[in-house]
Each structure stands twice: as structure tokens, then as C-alpha cells.
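The values are calculated or read from the model by the stated rules, or taken from the named source; none is laboratory data. Fair warning: this is a prediction, and the values are worked out from it, not measured in the lab. Note that we place each Cβ from the backbone using ideal geometry, even for glycine, and neighbour counts take in every protein chain shown.
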Amino acid sequence: MAQMIEVIPRRESSAPTFIRRWLKAIWQTLSPVLMGMLILAGLWQVAAWISGGTLPTPLATASTLRDLLSDPFYDNGPNDKGIGIQLMASLGRVFTGWGIGIAIAIPLGMLLGSSATLRKMLAPVIEILRPVSPLAWYPLGLAVLHNAPKAVVFAIVITSLWPTLVNTTMGVQNIPADLKAVSKVFRFSRWRYITKVLLPAAFPAILTGMRLSMGIAWMVIVAGEMLAGGTGLGFFVWDSWNALSLERVMSAILVIGITGLALDRLFSLIGQRMAAWQEGGH
Amino acid sequence: MAQMIEVIPRRESSAPTFIRRWLKAIWQTLSPVLMGMLILAGLWQVAAWISGGTLPTPLATASTLRDLLSDPFYDNGPNDKGIGIQLMASLGRVFTGWGIGIAIAIPLGMLLGSSATLRKMLAPVIEILRPVSPLAWYPLGLAVLHNAPKAVVFAIVITSLWPTLVNTTMGVQNIPADLKAVSKVFRFSRWRYITKVLLPAAFPAILTGMRLSMGIAWMVIVAGEMLAGGTGLGFFVWDSWNALSLERVMSAILVIGITGLALDRLFSLIGQRMAAWQEGGH
Amino acid sequence: MAPRLLPRTTPNTAILPMEPAPLLEISSVGKNYPSGQGQINILHDIDLTIQSGEFISFIGHSGCGKSTLLNMIAGLTSISTGTMLFDGKSIAAPSPERAMVFQHYSLLPWLSVYQNVYEAVDSVQTEMSKAERKALTNDVLARVGLSNHIHKKPMQLSGGMRQRVAIARAFAVHPRMLLLDEPFGALDALTRGSLQEELLGLWSGDARTETVVMVTHDIDEAIYLSDRIVVFSDGPGATIKEVITVDLPRPRDKQSLMNSPTWNNLRTHLLLSLHC
Amino acid sequence: MAPRLLPRTTPNTAILPMEPAPLLEISSVGKNYPSGQGQINILHDIDLTIQSGEFISFIGHSGCGKSTLLNMIAGLTSISTGTMLFDGKSIAAPSPERAMVFQHYSLLPWLSVYQNVYEAVDSVQTEMSKAERKALTNDVLARVGLSNHIHKKPMQLSGGMRQRVAIARAFAVHPRMLLLDEPFGALDALTRGSLQEELLGLWSGDARTETVVMVTHDIDEAIYLSDRIVVFSDGPGATIKEVITVDLPRPRDKQSLMNSPTWNNLRTHLLLSLHC
Amino acid sequence: GGSESANETGERPIKIGFIPLTDCASVVMAHTLGLYQKYGVNVEVVKEASWANVRDKLLTGDLDAAHCLFGMPFSVYTGVGGKAESELKIAMILNQNGQGITLSSALAKEVGYGDPSKLKALISQRPADKPATFAGTFPGGTHDIWLRYWLAAAGVDQNSVKIITIPPPQMVANMRIGEMDGFCVGEPWNGVAVKEGIGETVLTTQDLWAGHPEKALVVNPSFAEKRRDDLKKVMKAILEASKWLDDFNNRSEAAKVIGGQAYVNAPADVIEARLKGQYNLGATLGERTFEPSKSMVFYQDGAVNAPQRSHAIWFMAQYVRFGLLPSAPDYNAIADKLIMRDLYAEVAKEMSLTVAGDDLQPFTVTLDQQTFDPKSPS
Ligand SMILES: Nc1ncnc2c1ncn2[C@@H]1O[C@H](COP(=O)(O)OP(=O)(O)OP(=O)(O)O)[C@@H](O)[C@H]1O
Ligand SMILES: Nc1ncnc2c1ncn2[C@@H]1O[C@H](COP(=O)(O)OP(=O)(O)OP(=O)(O)O)[C@@H](O)[C@H]1O
Ligand SMILES: O=[N+]([O-])[O-]
Ligand SMILES: [Mg+2]
Ligand SMILES: [Mg+2]
């Protein structure tokens, strides 16, 4: 059963050819992405023309973004901080809210996934609360917590926990019947079952849930900070819009989007690593 | 191969017993739901206590909600309309935005699912735009469209189309290789392939996407209407918050949640019907 | 290939009618599943007594309830009617005494070959020291010829190697009865053959696991391995159609058996029995 | 069971060495897949000539490239080196002339049995009238004994019935060559037997589809059905190890064949050939 | 250096909220001129997103004090704009005048400046499903009342038009899209709307009620109680800034500072012009200049800053008049409760300012020349 794979090396291997190939490979990877970006910029330019100058052009936005990024961490008092500081503030809130959310969602999801009765009990409650907007939760959070930053975090927690909850439930519910049977036949203790069967089996679903939750948390932060004021990218958007500075709004959108993308990629990467690990790759 | 299934009827069948059984069945279905609702109400009551009277109790909210629902379509001039009218306004926007969104997402997703190059090109663009908050899109929509209701719909379109786009792409991408091979071997025309293979194969994924999109659209409407002012449940929430009438905010949350739940159930039902149909059930 | 620990001296022969305490006693067992307002009957009137030391096969058309009966013996599925006694006691829950091997291996894919076996050993062999458990794990894996693969993940193994791990895991908990549900059904004919040999080797080499009950679709496999073959009628609503005794001496040699008249008679009998 | 349309008068016998125009001519064909910086060789130096009217089986260990070669013949996979001529023309794309039956049936689950066949007929038989297409669809389904099930969805059928639909679909487009990739691999032994009979019946009953190439894992199946058996060496980097001619007259009777010395010799030869 | 001073005094910095508006100038300038420091308090001025949010943060103590609508404490306490009996207290008045009503260009052209009499005819033709829409900034806040007062003076039924609440800086964007016919808001947002060419100012609030109270320094009651001395220092710093602002020579500098990113974030020239009484009302309505005492005033030797119970009673009387309250509240008790007259008197005394007697004398509202008698508000 030894796998002897005959690898046929490509013919040439002289240095310049190798570098050329390498550059070509990079180009082949990047050029579709660049093409995509160009298409986006083109559409945007058209939209700017249609708007008759209200919507800033990609170039104008790029210049604003460059200015914003040239000194991202300046701090001129509480109402005038660099975009880097705003980003940090938002990230802090997003991670806090998301972290609390998953800390609630994963154990609760494990319970729900294991008990059909619990699922029946809580499904309607979950389905009713899930579509509620962060903007509706904020005033309630404020009423209970008496603290605006906590209320923002509360709004993030309660709008972002659902995907993790639903996915954990699903992941636990869908653990293959024969793995459950194995743990019964071999008399696994509750703890052994949770650590060796339940969690690893549900892990991909949980990770996907966490990733979706992060997406929502990141989407909610703007709304939350807009309502609560103070700091963060959300407030930056709000403030820039108040000043009708759409280049700054666009810049903030790009920063939000790219950060969101980076977070998402991080999760993908973790997921791939875990999958590779499960298959014994690394 | 005829399937002869021997059905053993339950022993007794006297009328009172039958009714008793029937009531018992209803009770067994409903009681977990009622239990869930009671748990929710209990948690809420505790939160109301903690808030020291700021957060309305479930009973106070129930009474407000009853008042609101007792005459949902009254119209006392522009500043005072029944919650039914607000709900209709929001539903109209949600369906418009969602409809436009899926009308873009499904064909685009089909293209993306069929072409790896297109996927590579657009994946980063999609990933950057996806996490952007509706509240950031709204000002841009205004700048281009010069019309608030259209801007709200625009914000709904652009925040809600992603799940349908991603799911359609995935659904088309994951069409089993042998079904593709079948259409090649039997020389299916493009049209036959799309209608008989691609769409039915991707349908469950597309439907899930549409359902998730509806959830987001419904979440966005509150933010959009709050900014745009005027009508709808979002405006109702904003207005109630301005007046710090948290019973009304809670009532609106329940109406939003229950409507969201109803929409979600509708999609589940369609999905189940389709699955049953595919398996030849109906 | 794998070292025989305790060579079985007397070959397993057919039923010993008057043997005092049967290992498993199934009496009038039936199984219904709820369906709509009523219930569907899957199995009824199952009577079967299995003696310690027997190798029993279940054979029958798809859907007749072979897996259901095996799962009831395992304690994974409840019985609807009748009684099922294992070693004189009613079967209430799964137990390592009746270890199971599933068609799709049921290994934990995130654990290595070693860990897959060790977790079961660690869970069941509570009276052993840690060192003993480790030694036992390595020993059973050596007996299925996997010593060089113990750090691999199941995904890195072929189907046959995976099933060897599952069999090793089952033997490692020293069950009194080994239950196998189409253990070789997903393997190609060649791999299948060598695993049949290995199973026989393990069974006859281990005095602790004397009794085997196996579900199979394959007539040749059933004849080659079994002392008795339990033939099911067609489902749903199936029962035992007949129990055939395989009167071939052990150890059996496949190549020569195939030309023996007993073999051919059994084969023809089974084919006819299953075809109508 | 199914009505024979054009009874085949001369049984298919072995290779006719000097026959003028072979149906399929494979010369020095190889297949590589990209992998990391290089390429992995899957198949190399495949030379095989198939005459019109032959029934050919591919046999070999899992992963040796049987499906790959069949897919290259179907035109579903490109060839890396060498040439492959079908009826004298290079194979560029899939075609209904070389209709395929897959292991997992590959029916469209959302279409009824009738529609599954009809969509293929409608797509390929462009010169027929609508009425003729309908008649053809009903006819092939009758020939596989499914007339009573044409409105069912695939999910409502057993595995064997599903594979009958897939075979009917393939025959309905009147291919000159029928390609089957382990068509009975997912079926139980009993269903398998009856489908082998039906395939032979259809093949010998239809003058249009004269040639069959089938991948199998099952030695008995290969011998029972084939004129020649192509044995692959182990993969990756496999090639044809030998081509065995099955010199048994048709129609063949399984029961009696199994006792014939030719059969046993072939069987032993194949077992040995595959075991090392 | 906020946290350093916090360590010196052992207290956290005092947080004063503001909304981006020209009349936040005294609160902001006290900071940029170093006056809070001079009086020995560590103050942080923080920008807020909406009046609703300012209210909530004042109630929860997230903010100690805020640049706030004079009407808000009464609106909140009476349940018009909040949960009834929630207390927010007024320490001092920050400014008078300097708000405006801006209509969309199309409407403004027809209505003209000052006299709203043509309005009723113009908006009565609107279809029932698209009624005329006007925006205020907070229910029962100053702009809500200025707007309603103006509509009433024009003979327009409150219930025939739509009155919505929009955060002040959002007015311009919402007007641009043609969803709104007009709004009442503080500067510079009227001026910005004119500059953007999307509306014209048809009334300044000094022409509605010359010398009306506008923003107040509103405080969280427990802060006021626990840190009364610090609050007095804050008030002194703001009074000094107010005095500085009343010198027109300083207003260019003030406009530049508050126009910056950190504060109002609007064009300094727009802020400056209206701050100096030079109003470009719009393309058709032309220019109008107000003498210094009729433009936005912050001090007037302290005459601006003393909170008046009579003004509080006027606001609550308008709530009743416009149906925001179903019945008359206990005017005097509420006014006494929410206005910290003793506190202001102490500060005034220490600053040697004379406090005009709050004697509940009748006064006349400019627009309709109606006289209001605080002793018989109904
Ligand atoms: N949980 C269940 N609920 C209802 N019916 C069930 C359930 N499990 C099994 N069945 C039904 O019981 C019957 C017997 O199933 P079982 O799996 O025991 O058959 P089997 O003989 O093992 O078939 P195969 O050879 O295909 O594995 C089938 O008709 C099946 O549909
Ligand atoms: N698209 C592909 N890319 C890379 N390698 C491939 C690809 N398709 C098949 N292979 C490899 O080619 C080899 C031959 O595969 P193939 O499916 O033809 O084997 P097979 O003989 O049909 O095996 P089996 O009996 O299991 O069906 C395998 O090692 C497989 O992993
Ligand atoms: O609230 N404003 O002063 O506009
Ligand atoms: Mg089974
Ligand atoms: Mg294959």
C-alpha cells in the first residue's frame, strides 16, 4: 500500500526561466483579483458620473484614504482621532461583543443540539429574536445596562450570536449516529464524549458559525457606534456623513470592508488548518 | 419490489379516547413552545427588575402591544398611524429590496459558480463589500439616487444580496460532476442544462440563500427607515426611542421578530415542499 | 500475519443442542417503528439462541431488518416485544461486552489510529494501569498489522486499513461477543478476502472473544466464515426464514472448499432461499 | 424478460486479428495530473484496440486508473499523450455515440423515470418526431422492466431499479459503444446477478449498440460478461498488465460455467495476476 | 493629559457632551481657551450622535453634563420625550437665538421670509398620502416647539403635516433628497443647506422670539449633587468663554475652531457669517444682517445665562397647546425642580454678575406678538 508517486519534473530549470515562471505564477494569481478591482473601480466611476459629482470618484477617495492612512494614529483630543485609533476602538468592541456572544452561543448550542425538547422549546424564541435589528436592541441595552458603551456591546452580542448558536446546534445535532453509537458501545464518559467526539465533530460547523457571527458583528458595529457616538469607525462614518464628506464615508467603507475580509480570511485559514490537521496533513 | 407496509393500528379507537389523544398531541407540540415563551418572559421580567423600571415588563408591553394591534390600521394623520400600516410599509420595502437583490444575485451566482476565473476575479470584491453596514451604504445610495426611499431599498439590496449570491455560487459549483458529465454525454443544450440540471441541483442552496437574504433585509429595514424617516417599523422604533417609549420599542421588536419568523417559516415550508417533490412525495 | 496469542485448540463446530447456558437468548422479539398514526412492523417473532464460541451470520435482502436486530443485540436499539437475554441478563444498554464494528468503520477522524484504539481501551479497561493500556493498544494494532501506521489519521488509510483499526478497537476491549454490520461491504473484493482471513485469525486466536455475529450480503462470505447462517425473510415485517448449519471443518481453505460439494450445495440452497 | 428486438445471431467471439477498421484505437495513451510543481503520472503507454461487437472489461486495483481511461474514451477527460481514435476520428468531446452508465446511476433526482430517459432522447434523437421519441422512451423502459414505474422519482426506487433506468437511458440514445463504470458496484450480490443478465440481454438484443466497455472490481463478473479482460497494473503510474481472452461460448450459463475448467483457470489466473 | 489630571484630583474627567452645532461654541471654546483648566477642572468635551443619545447618556451618567436643548429636561420629565419623571437639571443657559427654519428652495421662494401666512395655502394642496413633512430635532425640544409655533402662526393644523425627528447634522442630507419640505434646526445647518443650494431660510428664531432661551447646560442630577463645586467651576469657565464669544472680534477665531474636524465639522465661513449676524438666506430671499444683540448671543453680561422659570413654564404650556401633553402639568413645581436657580445664583455672585429677577412677569413673543403670562399659563 506504500504510495509511490512518480513526480515528473518540468523539463527546464535554468535560473532565469525559473524566475520568469515564478513571476508568471504570481501574475496568474493576482491578475484576476486586479481585474476584479478594476471592474469595481469602473462601476464606481460610472456611479460617480451618474451622481453628478455628489459621489466621490475612486481617485478622490483614494487620495482621501491615503491622507487618512498616512497618519492613522494621531490623537487631537476625544473628537479628532486617526482612523487607526477608530479602527482599534471598533475592533475592540467587535471582539468583545463577538466573544461574549460565542461564549453564550457555543454551550447553549451544545445543549440545544443534544436535546430535541430544548430545541422545540427555544426554536420559536430564537427565530423571533434573530431578525431584530441592532438598532432596536440598543435602547433596550441602555435601559438595562445604564451605560452606552456596554449597550453597544450588548447590541453586538445579541445580533451576532445567532449564527454560532444555530450552527453549533446543527453541528451537534448532525454528529453521525455511528460515532454516537461508538461512544455508547465503548462507554465513553460524558467528558470524553464532549472532548473527543462532540466538539471535534461539531467544530467545522461551529467555526463557520463563528465566522458568520464575526461578519454580523462587524456589520452591526457601524450601527451601534452611530447610535452611541464617541469613537470607532461607525461614528467616523456618521460624523463624515454629517459633514457630507462622502470621500471619508467611502474610505471608511473600504477600511471596514478590508478589515472584514481580513477577519474572514483568518477564519478560513483556521478552518483549513483544522481540516488539514484532521486529515493528518500537518 | 412492491412495498407492502403493515400498519398496526393503535388498539383503542373509542371517540373520547381519540379526542383525548388528539388534545394530548396538540399539548405535546405546543407545550415546549409555551415553555420557551415562558422562559423568555421570565428572563425579560428579571431584566426589567434589574433595570429598575426603565425596561418595561412583559405585562406592560403586552398591554401596549394589545393596544397597538387592536386597531392596527388607524390613520390619524401623518404623525399617527397604526402599526399595521407601518408594517406594510416596511414589508413593501423589504420585498422590493430583497427581490432586486436576488434578481441580481441568482444570475450572477450562476455565472460565478460556472467559472473559476470569474470567481477569482470577484471573490475579493465580494468579500470587501459584504461586511459593509447598511448604514454606510445609505448615504452613498442617497448621493447616487437622490431619493430616500430608493436609498433605503438600495441599502437593503446591497446588504441582503450576499447570502443568495454566495449560496447560488456554491450550489452551482457543487453540482455533482457526474450530473455535469451526463449533460455532456447526452449533449444537453445550454438551456436544457440550466433548466433541467443546474437550477434544480442548485435550488436548495439558492433557497437557503434567499432565506438568509430575507433575514438580513429584515434586519436592515429598521436601520434604513430610521435614517430615512417617514414610515415603517424602523421609523416607528426610532420615533419611540426618541420618546423613550420602550414599551413601544419592545412591541415593535416583537412585531419585527414574529414577522421575520413567519417569513423564515414560509421559506422552510417551500424548501420542504420542494424536497418532498424531488423525492416524489407529492 | 498477526501473532496468535492463545491458539484455539478445538475447532468451532455446529450447534451443541443441550449446552446449559447460552450466551444470547432471543425469544419472540419484535420491532415496530412509529409511523403516522400507527406503527410499522419491521421484525416479528424472532427466536434465536447463540452459544458461546459460535460464529453466526445474518443474511437477507436489503431492508429486512438485519441491522435492526444486530443493533438490538448491541443495546443501541430498544426491542418492542419479546425478551433478549445476554448471559442471562436482559439487554438494557450498549456495553463493551458486545463490541461493534460498523460498515463505515466509525473511526474518529480527528484522532490517530493509536488514539482511536486507546480512547476505547482507556474508557473500558479501567482496571489496567496506564502502561498496560498502552501495551494493549500497541498489541492489538500489531495483531492487525498496523504497527507502522499508528500515528496516521484514518483519512490517510485505505478502506481495508481503516476497517482493521475498527476491528482492533473492538478486540481491544475484550468483548465476549463481537458484532459486525457488513464489515467488508464497502471494500473491494480483493481487500475483502484478506480481511476475512484476518478476522478468522483474530477470532480463533483470542479466547476472550469467542462469539461473533456478523451481518453480510455475501453468500460466499457467510459460508466461509460461519458456523450457522440466519436467513431473513423479506422486509418489512420480516422474521427468520431458516437457520442453516455450515458443516465444514475448521480451519477452512477457501480454494479447496470452493470445489467441495457441501460448499456448492450450501451455495445453491442459499441462492434459492434468497431468491423467492 | 425484456423483449429482444433484433436477436444477435452470431455469438461474440474473441479478437479477429486482421479485421479492417477497429471501432476504438488507443495508441501510447498516457495521463498526467498537475501536482505541486510537477505532474503525477496516472497512466502511461496504454495500447488497446477494440473491435466493433466486443464486450471488454477493465479490472485492476483501486486507484490504478480504470475510470480515468474510461472517461478518456468517453471524452470527459483529456488525454495527456498518445492518440485515441473512435471510428477513425480523434476523440475530442463527449458524445452520445459513447453513452455512459455511472456507478451511482447519475439520474436527475428531480425528474421522473420517464423524464430522465426522455430528456436524453429528446436531446439526442433530433431526427425523430415527438411521437417517436415518446415511443422510444417507453420502449427502452419496457425492455428493462420498468413500465410500471415510469412516473416514480429515482428516490422512490431501489438501487437496482435506478441502475436499470440509467442503462435504459444509455441504450435509448443508440450509442455505438456503451461505457459502464462499475455499474453494479453499489448493488447487493443478488440484485447484481439479475442486472448482469439484463445487460447481456440488452446488448445481444440490440444491433445498434454492439460494443461494451465496462469497469469492474469483480473477477466473476468480468469473466461471465466479457470477450476480453484488460488487467491493469497497480497505480499510480499504471499501464495495461495483460489482456485476457475469455474463450467461453455465448450464451453463457452461470451455474454450469462455474464448474467448467476454463472458468476456474481464468479465475485462478486473474486472482494471481491481481495479487502481485 | 486628561488621565494625568484625573490622577491629580482623584476624580475621572468631567464629560460634557455636545452636538455639532454653532451654539456648542461656549462649551468648546472654554476647553480650547484653557478655561476649564484655569478654573481647576478636568473636562472632556465629547461629540454625540443625536439628542436621544444625549438624553440617555445624561440619564445613565455616561455624560455628566451636556450642551443641550433648553426644552429637553421638561420634555423628558413630562414624558413627551422620555420616560416621565426622569430628572435632568438645568445649570445655566448657554445661548439665545441663532436657530432657523429652512424650507426647500421651491417652497421657500413662495413663502418668503418672516411671514408664514402663505404657507397654509401652499401645503394644503398636498395629497393625503404625501403630506408636507417638517423635521425637528427632538420631541418637545426647542426646534420642535419653534416649528409648531410657526405652523400655528401660519394657521396650519399640526395634524395635517408630518413632523419627524432627525439629528441636527442629518437635516441637510435628508432635505437634499426632497423627502422633506423644511426643518427647524440650529446653525450652521440652515447656513449649510443654503450654501448647498437645497433650501432657503424663511425664519430665524430671533425673529420668532427675540432673546429666546436655546441651549442650556443640562446636568445629571447626581453629578450636580456630588460634585457641586466642580460644576460651579465648569460654569465659571463657560461663562468666561461666553463673555469672550460675545466680542464679535473673537467670532472669526471661534468659527475656525469649532468648524474643525473635532467639533462641528462644517465649513468655517458658513459658521462665521451667521455667527456674526450676516445671513445669506438663499438665492431668492437674499441677505439679511442682524445687529449683534439680535444674533446668536452667549453672555450679554450674564443676562443670557440665568435660567428663567417663566421660559420653562412657556415650554410646558406649548406642550399642552399642541397636544403633546393631554393636561396641564404642575408648571411651577416642575420648573423649580429642574432649574437649579440657587446654583446659578451662587456662581453669578462669585463672578460678580447681577441676576435678573426671575419674577414670572409676562413677555411677548415676536412672531405673533402674543403675550404670555407665566402666572396663568393656560
Ligand atoms: N429509525 C427508524 N425509523 C423508522 N424505520 C426505520 C428506522 N430504522 C430502520 N427503519 C426501517 O427498518 C427496516 C429495516 O432496516 P435495517 O437497516 O435493519 O435493514 P437491513 O436489513 O440492515 O438492510 P441493509 O441490508 O440495506 O443494511 C427498513 O425498512 C428501514 O427503513
Ligand atoms: N482530477 C484529478 N486530479 C488529480 N488526480 C486524479 C484526478 N482524478 C483522478 N485522479 C487520480 O488518478 C488515479 C486513478 O484514478 P481512477 O479514478 O481512474 O482510479 P480507478 O482505477 O477508477 O479506481 P477505483 O477502482 O477506486 O474507482 C487515482 O490515484 C486518483 O487519485
Ligand atoms: O439641535 N439643534 O440645535 O439643531
Ligand atoms: Mg443494514
Ligand atoms: Mg473508478
State whether the residues of region A:153-170 include one that is in contact with a strand residue (DSSP E or B) (Cβ under 8 Å, 6 or more places away or on another chain), farther than 30 Å from E:Gly61 by Cα, modelled with pLDDT of 85 or more and not in a loop (DSSP other than H, G, I, E, B).
no
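What is the residue count in region D:196-228 for residues that are among the hydrophobic types (A, V, I, L, M, F, W, C), within 14 Å of chain C (Cβ to nearest Cβ) and under 15 Å from the mean Cα position of the chain (by Cα)?
Of region D:196-228, the ones among the hydrophobic types (A, V, I, L, M, F, W, C) are D:199-200, D:202-203, D:207, D:212-215, D:219, D:222-223, D:225.
Remaining after also requiring within 14 Å of chain C (Cβ to nearest Cβ): D:215, D:219, D:222-223.
Those still in the list that are under 15 Å from the mean Cα position of the chain (by Cα) too: D:215, D:222-223.
Number satisfying all stated conditions: 3.
I'd like to verify a number: residues in region C:205-228 that are farther than 17 Å from C:Phe171 by Cα and within 16 Å of ligand 4 (Cβ to nearest atom), how many?
Pass one, region C:205-228, residues farther than 17 Å from C:Phe171 by Cα: C:215-228.
Next, only the ones that are within 16 Å of ligand 4 (Cβ to nearest atom) stay: C:215-218, C:221-222.
Residues that pass the stated criteria total 6.
Scan region C:95-116 residue by residue and report those that are within 16 Å of ligand 1 (Cβ to nearest atom), in a loop (DSSP other than H, G, I, E, B) and crowded, with 21+ Cβ neighbours inside 10 Å. Before you say what the answer is, go through the steps one by one.
From region C:95-116, those within 16 Å of ligand 1 (Cβ to nearest atom) are C:100-106; that's our starting set.
Filter once more, so that each one left must be in a loop (DSSP other than H, G, I, E, B): C:102-106.
Listed by number, the residues that qualify are C:Phe102, C:Tyr105, C:Ser106.
Return yes when B:Leu142 is buried (at least 19 other Cβ atoms within 10 Å of the Cβ) and farther than 30 Å from B:Val197 by Cβ and no when it is not. If you could, list the steps in order and put the result at the bottom.
On the way: buried (at least 19 other Cβ atoms within 10 Å of the Cβ): yes; farther than 30 Å from B:Val197 by Cβ: yes.
Considered against the rule, which asks whether it is buried (at least 19 other Cβ atoms within 10 Å of the Cβ) and farther than 30 Å from B:Val197 by Cβ, B:Leu142 comes out as yes.
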Regarding region A:186-205, can at least one residue be identified that is farther than 26 Å from A:Ala275 by Cα, crowded, with 20+ Cβ neighbours inside 10 Å and under 26 Å from the mean Cα position of the chain (by Cα)?
no
Is region C:43-64 home to any residue that is assigned to a strand (DSSP E or B), on the phi > 0 side of the Ramachandran plot and more than 16 Å from ligand 2 (Cβ to nearest atom)?
yes
Any hit, region D:159-173, residues being within 16 Å of ligand 1 (Cβ to nearest atom) and in contact with a Phe, Trp or Tyr (Cβ under 6 Å, 6 or more places away or on another chain):
yes
Report the residue count in region B:132-149 for those that are more than 7 Å from chain A (Cβ to nearest Cβ) and assigned to a helix (DSSP H, G or I).
8
Tell me, please, whether a residue that is buried (at least 17 other Cβ atoms within 10 Å of the Cβ) and in contact with an Asp or Glu (Cβ under 9 Å, 6 or more places away or on another chain) can be found in region A:43-51.
no
Among the residues of region D:65-74, write down those that are part of a helix (DSSP H, G or I), buried (at least 23 other Cβ atoms within 10 Å of the Cβ) and within 9 Å of ligand 5 (Cβ to nearest atom).
D:Lys66
Applying the selection to region E:255-269, what residues are in contact (Cβ under 8 Å) with a residue 12 or more places away in the chain and either part of a loop (DSSP other than H, G, I, E, B) or in contact with a Ser or Thr (Cβ under 9 Å, 6 or more places away or on another chain) (or both)?
E:Ala255, E:Val257, E:Ile258, E:Gly259, E:Ala262, E:Tyr263, E:Val264, E:Asn265, E:Ala266, E:Pro267, E:Ala268
Unmet criterion (only one of (1) free of Cβ contacts under 8 Å to residues at least 24 places away in the same chain; (2) within 14 Å of chain B (Cβ to nearest Cβ)) for A:Ala177
(2)
Note on C:Pro175: of the conditions (1) in contact with a strand residue (DSSP E or B) (Cβ under 8 Å, 6 or more places away or on another chain); (2) part of a helix (DSSP H, G or I), unmet is (2)
May I ask you to verify whether B:Thr208 is at pLDDT 90 or above and β-branched (Val, Ile, Thr)?
no
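Can you pull out the helices (runs of 4 or more DSSP H) entirely within region E:26-110 that have at least 2 residues that are surrounded by 22 or more Cβ atoms within 10 Å (Cβ to Cβ) and in contact with a Gly (Cβ under 8 Å, 6 or more places away or on another chain)? Can you show your working first?
Details: elements: E:35-38, E:51-60, E:72-77.
Helices (runs of 4 or more DSSP H) meeting the threshold: E:51-60, E:72-77.
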Counting only residues in region C:35-54 that are within 10 Å of chain B (Cβ to nearest Cβ) and over 17 Å from C:Ile240 (Cβ atoms), the one nearest to ligand 4 (Cβ to nearest atom) is identified as C:Ile40
Going through region C:39-76 one residue at a time, which ones are more than 8 Å from ligand 1 (Cβ to nearest atom) and among the polar types (S, T, N, Q)?
C:Gln39, C:Asn41, C:Thr49, C:Gln51, C:Ser52, C:Ser57
Of the residues that make up region B:209-219, is at least one aliphatic (A, V, I, L, M), within 8 Å of another protein chain (Cβ to nearest Cβ) and buried (at least 21 other Cβ atoms within 10 Å of the Cβ)?
yes
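Does B:Thr169 satisfy the condition of being buried (at least 24 other Cβ atoms within 10 Å of the Cβ) and of a type in the set (Val, Ile, Thr)? Before the answer, list the steps.
Numbers: buried (at least 24 other Cβ atoms within 10 Å of the Cβ): yes; of a type in the set (Val, Ile, Thr): yes.
So B:Thr169 passes the test.
For region E:111-140, enumerate the residues that are in a loop (DSSP other than H, G, I, E, B) and charged (D, E, K, R). Write out each step before concluding.
Within region E:111-140, the first condition is being in a loop (DSSP other than H, G, I, E, B), and the residues that meet it are E:112-115, E:125-132, E:137-140.
E:Asp115, E:Arg126, E:Asp129, E:Lys130 - these are the residues of region E:111-140 that are in a loop (DSSP other than H, G, I, E, B) and charged (D, E, K, R).
Here are D:Ser106, D:Ser158: which of them is facing chain B (nearest Cβ under 9 Å) and away from ligand 4 (no atom under 16 Å from the Cβ)?
D:Ser106
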Is it fair to say E:Gln125 is away from ligand 5 (no atom under 16 Å from the Cβ) and either in contact (Cβ under 8 Å) with a residue 40 or more places away in the chain or of a type in the set (Phe, Trp, Tyr) (or both)?
no
How many of the residues making up region B:7-20 are part of a helix (DSSP H, G or I) and either at pLDDT 75 or above or surrounded by fewer than 12 Cβ atoms within 10 Å (Cβ to Cβ) (or both)?
4
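A quick yes/no check of all residues on (1) more than 16 Å from ligand 3 (Cβ to nearest atom); (2) farther than 26 Å from D:Glu127 by Cβ; (3) buried (at least 19 other Cβ atoms within 10 Å of the Cβ):
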residue	(1), (2), (3)
D:Arg169	yes, no, yes
D:His174	yes, no, no
D:Leu178	yes, no, yes
D:Gly201	yes, yes, no
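For region B:46-60, which positions are away from chain E (no Cβ under 14 Å) and in contact with a helix residue (DSSP H, G or I) (Cβ under 6 Å, 6 or more places away or on another chain)? Don't jump to the end; show me each part of the working.
Here is the first cut: in region B:46-60, the ones away from chain E (no Cβ under 14 Å) are B:46-47, B:49, B:58-59.
Selection gives B:Ala47, B:Pro58.
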